[in-house]
1. From the list ARG170, ARG190, which one is open to solvent by 50 Å² or more (accessible area, probe 1.4 Å) and not hydroxyl-bearing (Ser, Thr, Tyr)?
2. Among the numbered criteria (1) of a type outside the set (Gly, Ala, Ser); (2) surrounded by 11 or more Cβ atoms within 10 Å (Cβ to Cβ); (3) under 30 Å from VAL223 (Cβ atoms), which one does LEU16 miss?
3. When segment 193-209 is examined, which residues are found to be hydroxyl-bearing (Ser, Thr, Tyr) and open to solvent by less than 50 Å² (accessible area, probe 1.4 Å)?
4. Which one is nearest to the chain's Cα centre (by Cα), of the residues in segment 173-187 that are open to solvent by 20 Å² or more (accessible area, probe 1.4 Å) and among the β-branched types (Val, Ile, Thr)?
5. Given the criterion over 21 Å from ALA194 (Cα atoms), within 23 Å of the chain's Cα centre (by Cα) and not basic (Lys, Arg), identify the matching residue among VAL89, VAL139.
6. I'm told GLY213 meets every condition in (1) over 30 Å from PRO183 (Cβ atoms); (2) out of contact with any Gly (no Cβ under 9 Å at 6 or more places or on another chain) except one. Can you identify the failing condition by its number?
7. Which pairs do you get when a residue that is more than 16 Å from THR198 (Cα to Cα) and at pLDDT below 95, found in segment 61-77, comes within reach of a residue that is surrounded by 15 or more Cβ atoms within 10 Å (Cβ to Cβ) and of a type in the set (Ser, Thr, Tyr), reach meaning Cβ atoms under 9 angstrom, with the pair 6+ apart or on two chains?
8. Residue by residue through segment 201-236, note down the ones that are touching a Leu at 6+ places or on another chain (Cβ under 7 Å) and within 14 Å of SER68 (Cα to Cα).
Amino acid sequence: MWFDFKQTIEFKVKVLLGIIGVLSFVVFWHVSAHWNGEISPIFPGPKEVVTALYELFFEREFIHDIGSSVQRIALSFLLAVAVAVPLGVLIGSFATVSALLNPLVSAFRYLPAPAFIPLLLMWFGTGDEQKIALLFLGVIWFLVTLISDVVSNVHKDYIETSKTLGANRRLILWTVVVPASLPGIVDVCRQMLAVSWTYLVIAEIVAATDGIGAMMMRARRFVHVDDIMAGIIVIGLLGLLFDLLFRGIYWAAFPYLRKTT
């Protein structure tokens, strides 16, 4: 049956349904853009956006903007992971660390990252440091919280068994808690990387000379909506590629979970 709870479908069917979904969206977009028989300058159709993409890549060296944005995303996210994983593991493992740091982390989680832009401009200027710092702040607090939740859900029996066998705290942390949490940590990182991409345009609208967001801001100045929509599509495709990369890492690193995910 097509609509059954918790059903499994073949990979070929998944791909076919995905293609149908994308094509349906493109058709709806095309019909909406040509609804009055002519193209609106503020709502171009798929053909116009594809033409804009071609011009961006082959006439305006858009690939350099993409490279700058990917570099900022990658560096900021790696820094966030380097800070969040140790903190999240400690908070999720030890109640005293949780009591000490959780109130602070929870408070910062509710602060919008763009609110820090004036401070970041004063501290770091208008260079890449400011943009990387904003992207870092956009995900770090959520990463810490989600990773600590994953770690805290490690089955208590594993820890008690390790204690019974004579393992000390350090050994339990590195040989029981961390390995048991690692699949969840990788999955959390995959999800939070998507959030990092949502902050990209915000990070690149302030005094940026390169990057996808900077290109979109230049296009807004000259009302080139097709370029703006092309930039949005590129961000979406890049985010999808990074998501597939994390899924590949998950699949390769945890083969014992392939049948259950």
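The values are calculated or read from the model by the stated rules, or taken from the named source; none is laboratory data. Just so it is clear, the structure is predicted and the values come from calculations on it, not from any experiment. Every residue, glycine as well, gets a Cβ built from its backbone with ideal geometry; the counts of neighbours run over all protein chains shown. What goes into the accessible areas is simple: the full protein's heavy atoms, side chains included, and nothing from ligands, DNA or RNA. Shrake-Rupley method; radii C 1.70, N 1.55, O 1.52, S 1.80 Å.
1. Just one listed residue meets the conditions, ARG170.
2. (3) is the only condition that LEU16 fails.
3. Residues of segment 193-209 hydroxyl-bearing (Ser, Thr, Tyr): 196, 198-199, 209.
SER196, TYR199 - these are the residues of segment 193-209 that are hydroxyl-bearing (Ser, Thr, Tyr) and open to solvent by less than 50 Å² (accessible area, probe 1.4 Å).
4. Filtering segment 173-187 for residues that are open to solvent by 20 Å² or more (accessible area, probe 1.4 Å) and among the β-branched types (Val, Ile, Thr), the one nearest to the chain's Cα centre (by Cα) comes out as VAL186.
5. Values: VAL139 fails: over 21 Å from ALA194 (Cα atoms).
Checking each option against the conditions leaves just VAL89.
6. (2)
7. Filtered contacts from segment 61-77: no entries.
8. Within segment 201-236, ALA203, ILE212, GLY213, ILE235 qualify.
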